[in-house]
Amino acid sequence: MKQLQEKILADGKVLSDQVLKVDSFLNHQIDPVLMQAIGEEFASRFSNEGITKVLTLESSGIAPAMMTGLSMGVTAVFARKRKSLTLVDSLYTANVHSFTKNETNEISVSKDFIGPNDVVLVMDDFLANGQAALGLLDIVEQAGAALAGIGIVIEKGFQDGGKLLRNRGIRVESLARISSLENGTVKFLEEVAS
Ligand code: G4P
Ligand code: NA
Ligand code: NA
């Protein structure tokens, strides 16, 4: 997605060979015009799939997931990382291990919001090692729902998540695929078309 690649080049900051900072439009401050375009792009790529629900993980997945839900005309639900006061029983849970942060979190979704009649689009802001996506897939499976695919805003193609998920036959659509962050420079798998 050209608009997103240009935004990354203009406002993204390469923190290391592994990490891209996009706090100014995705992870802290949010650009709603860009999020709307992102929602429209996912809706267009996943049209005709019969999607009934978008599923993401708090917090940074929420903005793109909500805009995708708006474009598709379906609701968005986010898995929680901490138990909420009112979310006490009837939960699907999964463990998500972060290699980056070296910690495991239990994520949870109320059974009220996903069920066997749903066709789910799993979404996240970043795809690195794929562990968050696997946790969300686990929840889709527990719900007995169908999976339409996975929508990712920024995929780091030099980490294993994309391969791991695609090798399972899952359709993964990433709007920007980064091939390298070496030398402080962002390189995309598909170059920005002029
Ligand atoms: P994985 O799920 O693909 O295995 O990823 P990993 O454990 O490495 O990611 C842990 C957290 O770091 C996630 O956010 C993920 O979105 C984020 N992340 C991974 N790589 C990058 C990167 O290059 N840049 C940025 N900005 N974030 C990255 P989280 O802890 O769930 O936080 P939140 O922002 O959703 O609250
Ligand atoms: Na995330
Ligand atoms: Na994040």
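When only alpha-carbon atoms are used, what values of Rg and Dmax, in angstrom, describe the chain?
16.1, 52
Can you tell me which of VAL109, VAL22, VAL120 moves the most in a GNM of the chain? Springs connect C-alpha atoms under 10 Å apart.
Maximum fluctuation in the GNM of the chain, among the listed residues, is at VAL22.
To the nearest 20 debye, what charge dipole does the chain have about its Cα centre, counting +1 at the Cβ of each Lys and Arg and -1 at the Cβ of each Asp and Glu?
Taking the Cα centre of the chain as origin, the dipole is about 180 debye.
Roughly how many Å² is the accessible area per residue of the range 49-194, as a whole number, for a 1.4 Å probe? Each step should come with its number before you reach the end.
Values: 7110 Å² over 146 residues.
It amounts to 49 Å² per residue over the range 49-194.
What residues have an amide H closer than 5 Å to that of VAL14, excluding those fewer than 5 places away on the same chain, when H is modeled at 1.01 Å from N in the peptide plane?
Excluding prolines and chain starts, which carry no amide H, the hits are LYS21.
Suppose we keep just the DSSP beta bridges with both residues in the chain; what percent of those would be antiparallel, to 5? Can you show the working numbers first?
Working: 13 of 35 bridges.
Just about 35 percent of them are antiparallel.
Counting only protein heavy atoms, what percent of the accessible surface of the range 46-167 is carbon or sulfur at a 1.4 Å probe?
On the way: 2700 of 5730 Å².
Carbon-and-sulfur percentage of accessible area, whole number: 47.
Let me know the volume per residue of the alpha-carbon convex hull for the range 29-72, in Å³.
Values: hull volume 2.5 nm³, N = 44.
Output value, Cα hull per residue: 56 Å³.
If you consider only alpha-carbon coordinates, what radius of gyration and Dmax does the range 14-87 have, in Å?
Every Cα atom of the range 14-87 included, Rg and Dmax give 14.1, 41 Å.
Please list 3J(HN,Hα) in residue order for the range 113-130, calculated via the Karplus relation 6.51 cos²θ - 1.76 cosθ + 1.60 where θ = phi - 60°; whole Hz, with x for glycine and proline.
For the range 113-130, the Karplus curve yields 10, 9, x, x, 8, 7, 10, 10, 9, 8, 9, 7, 6, 10, 10, 10, 8, x Hz.
GNM on the chain, C-alpha springs below 10 Å: top fluctuator among THR75, THR93, THR104?
In the Gaussian network model the winner is THR104.
In terms of modelled amide H atoms, which long-range or inter-chain residues lie less than 5 Å from the amide H of LEU127?
Here ILE154, GLU155, LYS156 satisfy the definition.
Shape call for the range 145-194 from the C-alpha gyration tensor, a ≥ b ≥ c root eigenvalues: rounded (a/c under 1.5), prolate (a/b greater than b/c) or oblate? Don't skip to the answer; put the middle values down first.
Details: a/c = 3.08, a/b = 1.89, b/c = 1.63.
Since a/c reaches 1.5 and a/b is larger than b/c, the shape of the range 145-194 is classed as prolate.
When a/c reaches 1.5 or more, the comparison of a/b and b/c decides; with that in mind, is the range 82-180 rounded, prolate or oblate per its Cα gyration tensor? Walk me through the numbers on the way to the answer.
Details: a/c = 2.36, a/b = 1.44, b/c = 1.64.
The shape class here is oblate.
Kindly flag which residue pairs out of LYS21/LYS187; LYS2/LYS156; LYS163/LYS187; LYS83/LYS111; LYS111/LYS156; LYS13/LYS101 have an alpha-carbon separation exceeding 25 Å in this structure. Show your work: numbers first, answer last.
Working: LYS21/LYS187 14 Å; LYS2/LYS156 16 Å; LYS163/LYS187 18 Å; LYS83/LYS111 14 Å; LYS111/LYS156 32 Å; LYS13/LYS101 19 Å.
Beyond 25 Å: LYS111/LYS156.
Of the beta bridges DSSP finds with both residues in the range 38-136, what % are antiparallel, to the nearest 5?
Working: 9 of 17 bridges.
Close to 55 percent.
Among PHE42, PHE25, PHE99, determine the one that fluctuates most according to a GNM of the chain built with springs between C-alpha atoms less than 10 Å apart.
Maximum fluctuation in the GNM of the chain, among the listed residues, is at PHE99.
I need the phi-derived Karplus couplings for the range 93-102: 6.51 cos²θ - 1.76 cosθ + 1.60, θ = phi - 60°, integer Hz, Gly and Pro marked x.
Whole-Hz 3J(HN,Hα) from phi for the range 93-102: 10, 8, 9, 10, 9, 9, 5, 5, 9, 6.
Just check the range 34-147 against the gyration tensor rule for me: Cα atoms, a ≥ b ≥ c as the square roots of the eigenvalues, rounded for a/c under 1.5, and otherwise prolate or oblate depending on whether a/b exceeds b/c. Spell out each step's value before the answer.
Numbers: a/c = 1.72, a/b = 1.27, b/c = 1.35.
It comes out oblate by the Cα gyration axes.
Charges only on Cβ, +1 for Lys and Arg, -1 for Asp and Glu: so what's the dipole of the range 48-120 about the Cα centre, in debye to the nearest 20? Before the final figure, lay out the partial values.
Numbers: 7 positive and 7 negative charges, 40 e Å.
The calculation lands at about 200 debye.
The values are calculated or read from the model by the stated rules, or taken from the named source; none is laboratory data. Bear in mind that the values here come from a model prediction, so they are computed numbers and not experimental data. Please note: Cβ atoms are built from the backbone with ideal geometry, for glycine as well, and neighbour counts cover all protein chains shown. Accessible surface areas use protein heavy atoms only, side chains included; no ligands, DNA or RNA. Shrake-Rupley method; radii C 1.70, N 1.55, O 1.52, S 1.80 Å.
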